[in-house]
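Structure record follows, encoded as structure tokens.
The values are calculated or read from the model by the stated rules, or taken from the named source; none is laboratory data. These numbers come from a predicted model, not from an experiment. Methodologically, a virtual Cβ is constructed for each residue, glycine included, from the backbone with ideal geometry; neighbour enumeration extends over all protein chains shown.
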Amino acid sequence: MKIRLKSFFHFDITRVFDQNQIDLAGERPTLRALLQEVIQKSDGRIQVIEPETGYIDTEYFVLLNGRESQALPQGLETELHDGDEVGIGMMHFWGGG
Amino acid sequence: MLTRDDLERYDRQIRYEGFGEEGQQKLKSSHVIVAGAGGIGCPASMYLACTGVGRITIIDSELVELSNLNRQVLHWDEDIGQKKAVSAARKLRSLNPSIRVVPIAAQITETNARDIINGASVVVDAMDNFETRAILNRVCVAEGIPFIHGGVWGLCGQVTTIIPGKTPCLACLYPQKPEEQTPFPVFGVAPAMVAVIQATEAIKIIAGFGRLLTGQMLYVNLATMDFCLREVARKPDCEVCGSRGNK
């Protein structure tokens, strides 16, 4: 199952993912499974889920097809479908250049 | 009143449906504050100037350094050591002699912020630090002045338009001072892109057309060419614009 990934980080995400999509194994992968894959592939650099609570870390936002993950009825347990788009970004405060 | 020169200079945009001479006149009568003459402030003020904003105040307390020149396009080699606000104003006047450009080479503080932005149509956030942004946000909310936030990092950027009383303010989005790193990496194209979007928002607010980035944060990643809009909401207990704020 191919999930398109949009990313907004203060470092070069192309060094972690060379393509804008992740191929997920399993029949009914969830949003949590995808985020775990992101954490693993980034060697923990993108720690989008708080290990202690299992929730989205407050430094990040996660959108599934443009919808905030917290607003999804099933939250991180929402099942993904082929072609879904997941956006992950940091709530970092950025400078004026 | 638009002059014959105005009608010729701005002919291409006056032809834009829904803008016209009326929109141009609104721009001519407007006053935009550009807070910062750096990577965002330079291109934002350039587009505001050439579009015909009648009065631009550009504020920056710093001096031009060599390491600014990869992105702060109003400052050139010959300006190194000069005040950024003055360097920027000189180029902007040359870009469009028919407008008024006022440089303020001072730090924005709690004490002077209200006087500086008093009567402005819009304030463009081109600052490089959280404290000054927080001051501007508070004063804009108190005075009911639209505040267009923009920020960059590397090849990423973010923009949102704050309309006091209607949209979340900066303190709704960042209730606590976030971690900041200076200097941070940045390519000139990232602040340029963010600045052009901010300038567009300012033009639309003043002239009264189009749809604004209100209640939404636009995120851009030029490394991956990812763009997304994220809904952002007001905090009812926000210390600036909510129940705990000083309105």
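Output the residues belonging to segment B:111-132 that are aliphatic (A, V, I, L, M) and assigned to a loop (DSSP other than H, G, I, E, B).
B:Ala120, B:Ala126, B:Met127
Could you tell me which of the residues A:Leu35, A:Leu80, A:Leu64 is of a type in the set (A, V, I, L, M, F, W, C), touching a residue at least 60 places away in the same chain (Cβ under 8 Å) and surrounded by 19 or more Cβ atoms within 10 Å (Cβ to Cβ)?
A:Leu80
Condition first: free of Cβ contacts under 8 Å to residues at least 24 places away in the same chain and within 11 Å of chain A (Cβ to nearest Cβ). Can you find one or more residues in segment B:141-155 that meet it?
Among the residues of segment B:141-155, not one is free of Cβ contacts under 8 Å to residues at least 24 places away in the same chain and within 11 Å of chain A (Cβ to nearest Cβ), which makes the answer no.
What number goes with the only condition from (1) assigned to a helix (DSSP H, G or I); (2) among the small types (Gly, Ala, Ser); (3) within 14 Å of the chain's Cα centre (by Cα) that B:Ala37 does not pass?
The number of the failed condition is (1).
Is it true that some residue in segment A:38-56 is touching a helix residue (DSSP H, G or I) at 6+ places or on another chain (Cβ under 7 Å), surrounded by fewer than 16 Cβ atoms within 10 Å (Cβ to Cβ) and over 24 Å from B:Met217 (Cβ atoms)?
no
From the list B:Ile145, B:Ile135, B:Ile108, exactly one residue is hydrophobic (A, V, I, L, M, F, W, C), in a helix (DSSP H, G or I) and under 16 Å from the mean Cα position of the chain (by Cα). Which is it?
Exactly one residue qualifies, and that residue is B:Ile135.
Kindly provide the set of residues from segment B:213-247 that are in contact (Cβ under 8 Å) with a residue 40 or more places away in the chain, among the aliphatic types (A, V, I, L, M) and within 14 Å of chain A (Cβ to nearest Cβ), ordered by number.
B:Met217, B:Leu218, B:Val220, B:Leu222, B:Ala223, B:Val232, B:Ala233
Residue pairs, Cβ under 8 Å, 6 or more apart or interchain, first in segment B:166-181 and within 16 Å of A:Tyr60 (Cβ to Cβ), second modelled with pLDDT of 90 or more and part of a loop (DSSP other than H, G, I, E, B). List them.
Correct list of pairs: B:Leu173/B:Val232.
Taking segment B:163-197, which residues are assigned to a loop (DSSP other than H, G, I, E, B), over 16 Å from the mean Cα position of the chain (by Cα) and under 16 Å from B:Ile135 (Cα atoms)?
Once the filter is applied, which keeps residues that are assigned to a loop (DSSP other than H, G, I, E, B), over 16 Å from the mean Cα position of the chain (by Cα) and under 16 Å from B:Ile135 (Cα atoms), segment B:163-197 yields B:Pro168, B:Tyr174, B:Pro175, B:Gln176, B:Lys177, B:Pro178.
Pairs only if they're at least six apart or on different chains, beta carbon under 9 angstrom, first in segment A:1-23 and at the interface with chain B (Cβ under 9 Å from one of its Cβ atoms), second surrounded by fewer than 16 Cβ atoms within 10 Å (Cβ to Cβ) and modelled with pLDDT under 80; list them, first residue then second.
Partner pairs satisfying both residue conditions: A:His10/B:Gln181.
Does segment B:130-140 include one or more residues that are over 30 Å from B:Glu239 (Cα atoms), touching a helix residue (DSSP H, G or I) at 6+ places or on another chain (Cβ under 7 Å) and either within 14 Å of another protein chain (Cβ to nearest Cβ) or surrounded by 21 or more Cβ atoms within 10 Å (Cβ to Cβ) (or both)?
no
I'm trying to understand the selection: among the residues of segment B:40-64, which are among the polar types (S, T, N, Q), in a strand (DSSP E or B) and crowded, with 24+ Cβ neighbours inside 10 Å?
Selection gives nothing.
State yes or no: is B:Pro185 touching a Lys or Arg at 6+ places or on another chain (Cβ under 6 Å) and within 12 Å of chain A (Cβ to nearest Cβ)? Outline the logic, then answer.
Working: touching a Lys or Arg at 6+ places or on another chain (Cβ under 6 Å): no; within 12 Å of chain A (Cβ to nearest Cβ): yes.
It is false that B:Pro185 is touching a Lys or Arg at 6+ places or on another chain (Cβ under 6 Å) and within 12 Å of chain A (Cβ to nearest Cβ).
Does B:Thr160 satisfy the criteria of being out of contact with any Asp or Glu (no Cβ under 6 Å at 6 or more places or on another chain), assigned to a loop (DSSP other than H, G, I, E, B) and β-branched (Val, Ile, Thr)? Explain how you work it out, then say what you get.
Working: out of contact with any Asp or Glu (no Cβ under 6 Å at 6 or more places or on another chain): yes; assigned to a loop (DSSP other than H, G, I, E, B): no; β-branched (Val, Ile, Thr): yes.
Spelling it out, it is not the case that B:Thr160 is out of contact with any Asp or Glu (no Cβ under 6 Å at 6 or more places or on another chain), assigned to a loop (DSSP other than H, G, I, E, B) and β-branched (Val, Ile, Thr).
Quick one: in segment B:65-90, which of the residues that are touching a His at 6+ places or on another chain (Cβ under 8 Å) and not in a loop (DSSP other than H, G, I, E, B) is farthest from the other protein chains (Cβ to nearest Cβ)?
Among them, the one singled out is B:Ser87.
Look at segment B:220-247 and say how many of its residues are in contact with an Asp or Glu (Cβ under 8 Å, 6 or more places away or on another chain), loosely packed, with under 14 Cβ neighbours inside 10 Å and not basic (Lys, Arg).
Summing the residues that are in contact with an Asp or Glu (Cβ under 8 Å, 6 or more places away or on another chain), loosely packed, with under 14 Cβ neighbours inside 10 Å and not basic (Lys, Arg) in segment B:220-247 gives 2.
Just wondering, is there one or more residues in segment A:70-90 that are within 9 Å of another protein chain (Cβ to nearest Cβ) and within 30 Å of B:Val73 (Cα to Cα)?
Yes, some residue in segment A:70-90 is within 9 Å of another protein chain (Cβ to nearest Cβ) and within 30 Å of B:Val73 (Cα to Cα).
B:Asp11 is checked against (1) surrounded by fewer than 17 Cβ atoms within 10 Å (Cβ to Cβ); (2) closer than 30 Å to B:Phe184 by Cα; (3) out of contact with any helix residue (DSSP H, G or I) (no Cβ under 8 Å at 6 or more places or on another chain) and fails just one. What number does that condition carry?
The failed condition is (2).
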